[in-house]
Structures are given as structure tokens and as C-alpha cells.
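Colleague: Provided herewith is a single structure, encoded as C-alpha cells, for subsequent inquiry.
The values are calculated or read from the model by the stated rules, or taken from the named source; none is laboratory data. The structure presented is a predicted model; accordingly, all values stated were derived computationally and were not measured. Here the Cβ positions follow ideal geometry from the backbone for every residue, glycine too, while neighbour counts run over all protein chains shown.
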């Protein structure tokens, strides 16, 4: 991968640790780079493309981790899959964003590369299901994938609740139970695997 392209993605990732998507601009990214801001446009045409590339990288890292899962039972697989998500906070945060707009504002070639990384993560989970849950049929694995991935998109907002949100839930009488990424994911995977 190109070093300058990587630097742009790294700067975006660093800014995203302390700023919201809407507050990060091409100017903010450019100001944090050791080269001219105009160089960004040699690699990315929009902020959405940079974020899509960051999300792609996060999916690739997760896929690599999924390939290392070595479970002795479906329950052990559920635990390891949930642990893999617990380590991928940035992935989950990015997944909770509006993909529709991000993808719409990206060039086709960038979208294709992102979809390859996304597809690889789906394939990695499917391979794990085939290996660690051999009693599942092909349809069962597909049902798992099409339930699990949409579920994962919503984990981040459930575990990262601001003080303002906590106060609002308390005032509204919402009896909210605070759980970790692992706890939420493990409960879901166990239900999907029927264990």
C-alpha cells in the first residue's frame, strides 16, 4: 500500500479517536499531515472515501483475527468471536455510522475494495461456522451471517453511552442495563447458535 495513502488513513483514525465524523474535515486531516493537503486528493476525493478506507482496513484486521480462531466447541467459538469484537472498538464505531451516505460519496473503485474486505469478513465468519459448528446446514450458516452482521452494526451505541444519554434515560425512566461489547456479542451469538 502507498505510504502517503496509509498516512492519510492513520491521521483520520487518530482524529476519529477524539473528534466526531462530522467535525473531521479534509482541512483537519491535511493540517495533521507532514505533506501538503492537496496531496490527499491524489488518493481520496472525499472525506467519506478516507473513512471508507479506514473501515476497509478495520475489516481486514478483523478478518485476519477471525482466521486465527481455534475453538473446541460452538460455545468456545461464540466466546472467541465475541472477544474478537471486543478488540475492534474502532471497527464497531465506524460500523455504527451511516454507510449509505459514506458509500454513496465514494468512487466505485474504492467501494469495490471496501466490499471485498467486508465480504472477506463474512467469509471468515462462515468458515468458522463450518469448522466449529459442523451440525449447521448451509442455510443455517447463511441465516447466522444475515442476522449477526446487521446486529454487529448496532453494538457500539449500546456500550458507549455519554453522560448526557445516561441522564436522559434515567429521567425518561428507561431501565437500561450497561453491558460490555463481549457480553452483548456473546449473548447474541449463543442465541443464533442455539447453545
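Colleague: Here are some residues: 187, 135, 126, 117. Which one is more than 20 Å from residue 59 (Cα to Cα) and outside any loop (DSSP other than H, G, I, E, B)?
Modeller: The match here is 187.
Colleague: Among the residues that make up segment 152-170, is at least one of them farther than 30 Å from residue 53 by Cβ, assigned to a loop (DSSP other than H, G, I, E, B) and more than 23 Å from the chain's Cα centre (by Cα)?
Modeller: no
Colleague: Also: State all residues of segment 9-25 that are more than 24 Å from residue 60 (Cβ to Cβ) and either surrounded by 12 or more Cβ atoms within 10 Å (Cβ to Cβ) or touching a helix residue (DSSP H, G or I) at 6+ places or on another chain (Cβ under 7 Å) (or both); if no residue qualifies, say none.
Modeller: Matches in segment 9-25: 25 only.
Colleague: In this structure, is residue 132 within 25 Å of residue 75 (Cα to Cα) and in contact (Cβ under 8 Å) with a residue 60 or more places away in the chain?
Modeller: The answer is yes for residue 132.
Colleague: Which residue pairs have Cβ atoms closer than 7 Å, lie 6 or more positions apart in sequence or on different chains, and pair a first residue in segment 154-176 that is over 13 Å from residue 96 (Cα atoms) with a second residue that is assigned to a helix (DSSP H, G or I)?
Modeller: 176/169
Colleague: Being at pLDDT below 95, in a helix (DSSP H, G or I) and crowded, with 16+ Cβ neighbours inside 10 Å: is that true of residue 97 here?
Modeller: On the way: at pLDDT below 95: yes; in a helix (DSSP H, G or I): no; crowded, with 16+ Cβ neighbours inside 10 Å: yes.
So residue 97 does not fit the description; no.
Colleague: Let me ask something else. Pairs under 8 Å by beta carbon, first residue outside the structural domain of residue 90 (by TED's automatic domain parsing) in segment 56-72, partner crowded, with 16+ Cβ neighbours inside 10 Å and modelled with pLDDT under 95, six or more apart or different chains?
Modeller: That search, which allows pairs on different chains as well, returns nothing.
Colleague: Let me ask another. So residue 67 clears everything in (1) touching a helix residue (DSSP H, G or I) at 6+ places or on another chain (Cβ under 7 Å); (2) within 25 Å of residue 126 (Cβ to Cβ); (3) surrounded by 15 or more Cβ atoms within 10 Å (Cβ to Cβ) except one condition, right? Which one?
Modeller: It fails just one condition, (3).
Colleague: Now for a different question. Would you be able to say whether some residue in segment 43-52 is closer than 17 Å to residue 151 by Cβ and either out of contact with any helix residue (DSSP H, G or I) (no Cβ under 8 Å at 6 or more places or on another chain) or at pLDDT 95 or above (or both)?
Modeller: Taking every residue of segment 43-52 in turn, none turns out to be closer than 17 Å to residue 151 by Cβ and either out of contact with any helix residue (DSSP H, G or I) (no Cβ under 8 Å at 6 or more places or on another chain) or at pLDDT 95 or above (or both).
Colleague: For residue 116, indicate whether it is surrounded by fewer than 18 Cβ atoms within 10 Å (Cβ to Cβ) and either outside the structural domain of residue 183 (by TED's automatic domain parsing) or over 26 Å from residue 179 (Cα atoms) (or both).
Modeller: yes
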